[in-house]
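The structure appears below as structure tokens.
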Amino acid sequence: MVLKVFFPSCCSSAESGILIGRWISEQNSAVILAVVHFPFIPVQVKQYLSEVQRVTKVSVSVLGSWSNSKQEKEESLSEFLEDLGTIFSHEPWIQISKEGDSKFWSCSTLQKHSNNPKEEEIILVYYDQRKVMLSHLHPPLATATSTDHNADDASKLSAVFDTVAKSKILFMTDRYDDGPIKLTHWQSDGVEASIIVELMKQASVPACMLLTFLLSLISGICRSRVLKFWPLSFLWSKLSTCEQLGHRLQHLQVISSNKKAQNQTQLMRKANIFVSLLIDVALGILLMSWLYRKNRIGHLADTLIPVADHVAEELQDLLQWLMGAPAGLKMNRALDQVLGRFFLYHIHLWISYIHLMSPFIEMILWYVGLSACLGLTVALCILSDIIALLTFHIYCFYVYGARLYCLKIYGLSSLWRLFRGKKWNVLRQRVDSCSYDLDQLFIGTLLFTILLFLLPTTALYYLVFTLVRFNP
Amino acid sequence: AGTGSGELRKNVHARRYRYRAVVFQSGAVVQQLCSVCVFVVTWWYMDAGMLSPQGLFGAALVTSLLGYVLFDAVDGGAGRREKSGRTRWADLKSTLVFAAFTYGFSPVLKTLTESISTDTIYAMSALMLLGHLIFFDYGANAAIVSSTLSLNMAIFASVCLASRLPRSLHAFVMVTFAMQIFALWPMLQKKLKARTPRCYVGVTVLFALAALGGLATVSSVGAVLFASLLLAISCLCPYCLIRLQLLKDNIHGPWDEAEIKEDLSRFLM
């Protein structure tokens, strides 16, 4: 009968020692779980194995020897390995040896008590221990008991899977432990990385605590009453940088909280936030490294002022056009002039302000660029804020135009009701008829006439500045 | 369905009109037409520069004071005490508000319609004055009557026309005059009509003659047309009303309830 040896691929580079595993006699196969290294005391190994056996309910035993000799094969070692078979009596005794870097392994079995030492065929099966252990095939299926031949094969395999999965406790100790027995199995590979992970786990707790404390301090300052007064709170809500920083603060709080994630969704959420934060910061640092090379910030600052000048010139042209007879529309000349001069003066103020600022712009940009280390999104937010601040005059025009237009429309609608001798009843939410005094009627109609004739001018200014604002 | 012939009656609410009474009542329409005519003629004079704003303002002030005195003298102050309850202080305050607002806004009014074509302004004013005449409260009890709307339309028209005048003082005087002729004058008329009908007829005839005379100096054809319009309204229309009254045929009476006599079952099958 063919002898099958299931050998974990991770042990192929292990040092010499003895193989421990389970012997499945009905299938005539050996499942090797780990390699125990020299030196060891046989009694202790037996003790350990019996303990493992007690916990896992898997009959783990010493199956054979493993020799991985880097140099020439030594006679004494092979003899010693053969002698081991007498100490750990197992039938058959499997001897696997590998020489140097050669790809050829020699595998033999020793059957001491057998009277017919016939040559047995051996199949060496490699298996990935970790994957086998984690795969969910190992609970033996109920259908495995069926007489079907395929199911029988499946149960054979599942026994192997089951063996590996059940002997988890064996993988808890490895050769770095202080115990009397040194083992090699899948856990012992990449142990440096796992040490780093473990160290990070240990270190992350105080780091998180520190971070939480700092964050609570910052959020406490942010929530303090000084910053909540009217003009400031309005300002915060308008600046996208502040919004972004608030989001960032929340994310950091989520990540650094000591509470364990309750379910998979929250865990994924945390991981997602963490990864996005990392990518964001990495991109930000990339941007920073690009910006601070070759005096790029200086070039940026140099181009910014001419652009602002150009925009202001365009606006001035637009206003001059509006103050004439735009598109042949019949505007009220006096109001047109007043509004046009008001806006021109505004642009003039703005330009002089920008020119006053121009020596400092490079410095401001330099310091603002530092914020990119907080993440690309923060840098982009600051950029958007800067652009919004540089085009603040356009926004102002839009607000003036819109406010004027709104007032005009509102006044016209209520005066139109007065014109018809009606009024808006607030309590009943409807239009009622009402008898006005003579002076009320007179003043109302006078204002109505004036507003009506000034409406096209205001409406045009509103329209133009709305278009400028939303379609720059 | 059918009518119960026994209870059928004809022309229950028909009124018997007398010619003189109808002519007297048509005085209100004539008066309002004349007001509009006087206003337009005055504007014409102002626009042509034949009437100085100071002169018009003085005349208007004097006539207003006279009218104010007359307003109280007609019923001996009874209406003021019992009906409206307005004090003289309130009147003065209203006058001051008018004057101050009009004077303050007159420069604005002057430049208000500069860029709008004159024809548009004329058309708008004509439309508004027509609306004023349509919606004016002539004493009829109809849904269309709205004295507020009518007065507002007149003010709108006056503002439009005033904005065409050469200077802002002109505009101020024009709007003030419009206020007097469209708001105060009908109030005095109403009181005169109620208290002293004879005096009212006299005032109406004089006013109509003055309006005709003013129009004649501007355009003789217009004066002739306007005179014929006034005559038609005060003489021809009442005659027509009384003649047509004879042809009135209104039936009144209860409707019989419809009774279904035939067997409906054949429809149901």
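The values are calculated or read from the model by the stated rules, or taken from the named source; none is laboratory data. Remember, it's a predicted structure, so these values are computed and weren't measured experimentally. Reconstructed Cβ throughout: ideal geometry from the backbone, glycine too, with neighbour counts over all protein chains shown. In case anyone asks, the SASA skips ligands and DNA or RNA and just uses the protein heavy atoms, side chains included. Shrake-Rupley method; radii C 1.70, N 1.55, O 1.52, S 1.80 Å.
General observations
- Legend: residues in the stretch A:419-446 shielded by at least 20 square angstrom of accessible surface upon adding the remaining protein chains to the isolated chain (1.4 Å probe, heavy atoms) are A:F419, A:R420, A:L438, A:D439, A:L441, A:F442, A:I443, A:T445, A:L446.
- Nearest-ten-degree value, helix B:197-218 long axis tilted from longest Cα axis of chain B: 60
- Whole-percent carbon and sulfur share, accessible surface of the protein assembly as shown, 1.4 Å: 65
- If you plug the beta carbon distance of B:E114 and A:E314 into 1/(1 + (r/R0)^6) with R0 = 35 Å, you get a FRET efficiency near 0.75.
- Solvent-accessible area of A:C242, all protein chains in place: 50 Å² (probe radius 1.4 Å, heavy atoms, ligands and nucleic acids excluded).
- Going by accessible surface with a 1.4 Å probe and the largest first, A:H310, B:H252 read A:H310, B:H252.
- The heavy atoms of A:I196 offer some 100 square angstrom of accessible surface to a 1.4 angstrom probe.
- Across all directions, the average projected area of the convex hull around the alpha carbons of the stretch A:1-70 is 5.4 nm².
- The stretch B:22-98: Rg to Rh, with Rh as the Kirkwood radius over Cα pairs: 1.06
- Contact order for chain B, expressed relative to its length and based on alpha carbon pairs under 8 Å spaced 6+ residues apart, stands at 39 percent.
- Using the Cβ-Cβ distance between B:A210 and A:I409 with R0 set to 25 Å, the FRET efficiency from 1/(1 + (r/R0)^6) comes to roughly 0.05.
- Whole-number percent relative contact order across the stretch B:61-159, with pairs defined as alpha carbons under 8 Å at least 6 apart: 19
- Projected label distance in nm at A:V275 and B:D91, using a 7 Å step from Cα toward the beta-carbon: 9.0
- Estimated FRET transfer efficiency when R0 is 22 angstrom, pair A:S216-A:L370 (beta carbons, to 0.05): 0.35
- Buried on assembly, the stretch A:329-361 (at least 50 Å² less accessible surface than by itself, 1.4 Å probe): A:K330
- Solvent-accessible area of A:R428 with every protein chain in place, 1.4 Å probe, in Å² to the nearest 10: 150
- Centre-to-centre, using Cα atoms only, the stretch B:155-186 and the stretch A:397-472 are separated by 23 Å.
- Against the criterion of solvent-accessible heavy-atom surface with a 1.4 angstrom probe, B:T113, B:T120, A:T86 sort, most first, into A:T86, B:T120, B:T113.
- Amide N proximity, the stretch A:294-331 versus A:Y353 label position 7 Å along Cα-to-Cβ, cut-off under 18 Å: A:304-316
- For the chain pair B and A, the interface hides roughly 2400 square angstrom of accessible area in total, found with a 1.4 Å probe.
- For the stretch A:336-472: relative contact order, % (alpha-carbon pairs under 8 angstrom, 6 or more apart): 25
- Summarising the label geometry, the points placed 7 Å from Cα in the beta-carbon direction at B:A59 and A:F38 lie 14.0 nm from one another.
- Each of A:I409, A:I20 has its accessible area taken with a 1.4 Å probe; listed largest first, they run A:I409, A:I20.
- Residue pairs exceeding 20 angstrom between C-alpha atoms, taken from A:K4/A:K98; A:K423/B:K191; B:K93/B:K193; A:K238/A:K408: A:K423/B:K191; B:K93/B:K193; A:K238/A:K408.
- Cα Rg, Dmax (largest Cα-Cα span) when computed across the protein assembly as shown, Å: 53.3, 160
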